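One structure is given here, and the rest of the page talks about it.
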Amino acid sequence: MEANWKPFRIKVVEPIRLLPRAERERKLKEAGYNLFNLQSEDIYIDLLTDSGTGAMSQAQWAALMEGDEAYAGSRSFEAFLDTVREITGLPYILPTHQGRAAEHILFSCALEPGKYVLSNSFFDTTRANIKACGGRPVDLPSPEALDPESDRPFKGNMDVEALEAFIAEKGKDQIAMIVLTVTNNTMAGQPVSLENIRAVSEIARGNGIPLFIDACRHAENSFFIRERELGQGDRAPLEISREVFSLADGCTMSAKKDGLGNIGGFLAMRDRKLFERCRERLILVEGFPTYGGLAGRDLAALAVGLREALDPEYLRDRVGQVRWLAERLRESGIPVYWPPGGHAVYVDAGRFLPHISPEEFPGQALACELYLEGGIRASEVGSAMLGREARFQFVRLAIPRRVYTREHLEAVVAALVRIAERRDSIRGMRLVAGAGPLRHFLARFEPLPG
Ligand code: F0G
């Protein structure tokens, strides 16, 4: 009990409702069986994403009121800059409206067409941005990650041997960049160890290849390092994150995750020349370098949120909530990727619905059932999102930060248990509209005839 105390209470409430089943059926059909097409007010518990969906603290709301909306030289930008510099130690920082804007600016300025970009695993927008800039994204995840049951501490790692082999085979000049995603979202939100980051950094520096961190969930990753890595237990998450960034040449960050913001992001780096190119691009597509697509008040809230996300008590509660849900599901016989990651529980729809082949989108089918059963929205991370490159058929239950209580999560467990009782009757889906690497956002599906 002592160890499990909740480090906040609720001051503002937002009403939600559970529509009757018949209504949910109608809404889902109208949405083309794509949960991105549903209206928020038709959802009871929204686990679509942990991005921009968190609850801000009273300190963040107070900072918001003090936001300085000056076009240039805003006080709020200075506060944001102080925080980002303190956490990352990186000298050159550009604010962006969210993570993918930082990615796009970086790749459009740093990539030469045809060159490879290597990663432990890319997030879908990152991969798409690299391709859009003519680059060739390649995932090199640790082989451990492919076993959904092995209880290993750092299944988000990059495969260091594969990295060395790739560089030796293609030549270092063909590799534009290495990107480490911490935590590794498409690999079930698994953390990356400090040892792995150090090893990748050494290889990158030895070959003169820039290393960037996709830092959306760096605070959760640092918490896992503190909990699980030998010799790290006494270090503050901030100290660990600082070391992580010190090993890199820069980072992109969606501050909608571990910035505890509803919007925002940044791009940071050491290379002044690259920074100058990126800054020019930023002015072209986002805004002046002291606001970069954000209001002053957003920057002010992020200056506070980025620090709060590194509070060890907040992180204990956050990661603990995700673990609690994963444990209850596992006890109930629902196959979940193990161990749980930092921001989401990944239900293994491939094992849950073994009678549905990847071509018939078992994850999409399960995500639809979850909405029909409990008014719960989750996202598919499987063949609907990633096509043939999907290694798993996941339904991701992403937990917004500081938003839902244990009662909400109990309702999620209960819904999945009821679905499990009738799983044999669940049918696969057919894609009826949608193409390209980001098709899952706009696609339409139909249940296959029974
Ligand atoms: N990198 C990772 C690892 C992400 O998870 C995301 C977003 C981004 C980059 C892009 O950031 O959304 O601010 O442009 N992930 C969200 C998700 C959308 O649901 O996992 P963004």
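The values are calculated or read from the model by the stated rules, or taken from the named source; none is laboratory data. None of these values were measured; they are calculated from a predicted model. With ideal geometry, Cβ positions are generated from the backbone for all residues, glycine too; neighbour counts draw on all protein chains shown.
When each of VAL200, VAL192 is tested for being at pLDDT 95 or above, assigned by TED's automatic domain parsing to the domain that holds ALA128 and assigned to a loop (DSSP other than H, G, I, E, B), the lone residue that passes is VAL192.
Tallying residues that are in contact with a Ser or Thr (Cβ under 6 Å, 6 or more places away or on another chain) and among the hydrophobic types (A, V, I, L, M, F, W, C) within region 207-222 yields 2.
When region 107-132 is limited to residues that are among the aliphatic types (A, V, I, L, M) and over 23 Å from THR183 (Cβ atoms), the one that is surrounded by the fewest Cβ atoms within 10 Å (Cβ to Cβ) turns out to be ALA132.
Taking the residues in region 166-185 that are over 19 Å from the mean Cα position of the chain (by Cα) and under 28 Å from GLY341 (Cα atoms) as candidates, determine which candidate is surrounded by the fewest Cβ atoms within 10 Å (Cβ to Cβ). Checking each candidate, the answer is PHE166. When the residues of region 84-96 are filtered to those that are of a type outside the set (Val, Ile, Thr) and surrounded by fewer than 23 Cβ atoms within 10 Å (Cβ to Cβ), which remaining residue is nearest to the ligand (Cβ to nearest atom)? Within region 84-96, the match that is nearest to the ligand (Cβ to nearest atom) is LEU90. Here THR290 fulfils each of the conditions (1) within 16 Å of the ligand (Cβ to nearest atom); (2) in a loop (DSSP other than H, G, I, E, B); (3) more than 23 Å from THR405 (Cβ to Cβ) apart from (1). Can you pull out every residue in region 371-393 that is part of a helix (DSSP H, G or I) and in contact with a Leu (Cβ under 7 Å, 6 or more places away or on another chain)? Of everything in region 371-393, those that are part of a helix (DSSP H, G or I) and in contact with a Leu (Cβ under 7 Å, 6 or more places away or on another chain) turn out to be TYR371, LEU372. For CYS216, the conditions (1) over 20 Å from ARG318 (Cβ atoms); (2) part of a loop (DSSP other than H, G, I, E, B) are fulfilled apart from (1). Picking from residues in region 353-368 that are hydrophobic (A, V, I, L, M, F, W, C) and part of a loop (DSSP other than H, G, I, E, B), the one that is nearest to ALA390 (Cα to Cα) is PHE361.
Taking the criterion of being away from the ligand (no atom under 16 Å from the Cβ) and basic (Lys, Arg), the only residue of region 355-390 that qualifies is ARG388.
Residue count for region 240-286, restricted to those that are within 16 Å of the ligand (Cβ to nearest atom), in a loop (DSSP other than H, G, I, E, B) and either farther than 20 Å from VAL304 by Cβ or more than 17 Å from the chain's Cα centre (by Cα) (or both): 2. Restricting ARG396, ARG401, ARG430 to those that are basic (Lys, Arg), in contact with an Asp or Glu (Cβ under 9 Å, 6 or more places away or on another chain), assigned to a strand (DSSP E or B) and buried (at least 20 other Cβ atoms within 10 Å of the Cβ) reduces the list to ARG396. The selection criterion, being within 16 Å of the ligand (Cβ to nearest atom) and among the aliphatic types (A, V, I, L, M), holds for LEU180. Of the residues making up region 11-32, those that are more than 15 Å from THR405 (Cβ to Cβ) and free of Cβ contacts under 8 Å to residues at least 12 places away in the same chain are PRO20, ALA22, ARG26, LYS29, GLU30, ALA31.
Which residue out of ALA248, ALA255, ALA236, ALA219 is hydrophobic (A, V, I, L, M, F, W, C) and surrounded by fewer than 18 Cβ atoms within 10 Å (Cβ to Cβ)? Sole residue among the options that is hydrophobic (A, V, I, L, M, F, W, C) and surrounded by fewer than 18 Cβ atoms within 10 Å (Cβ to Cβ): ALA236.
Go through ALA204, ALA199, ALA188 for me and flag whichever is farther than 24 Å from GLY342 by Cα and out of contact with any Ser or Thr (no Cβ under 8 Å at 6 or more places or on another chain). Within the list ALA204, ALA199, ALA188, the selection yields ALA204.
Looking across ARG328, ARG318, ARG323, one residue alone is surrounded by fewer than 19 Cβ atoms within 10 Å (Cβ to Cβ), basic (Lys, Arg) and part of a helix (DSSP H, G or I). It is ARG323.
Scanning region 219-239 for residues that are over 19 Å from ARG152 (Cα atoms), more than 15 Å from the ligand (Cβ to nearest atom) and not in a loop (DSSP other than H, G, I, E, B) yields PRO237, LEU238, GLU239. From the list LEU38, LEU48, LEU64, the one residue that fits, being surrounded by 15 or more Cβ atoms within 10 Å (Cβ to Cβ), within 16 Å of the ligand (Cβ to nearest atom), more than 18 Å from SER254 (Cα to Cα) and hydrophobic (A, V, I, L, M, F, W, C), is LEU38.
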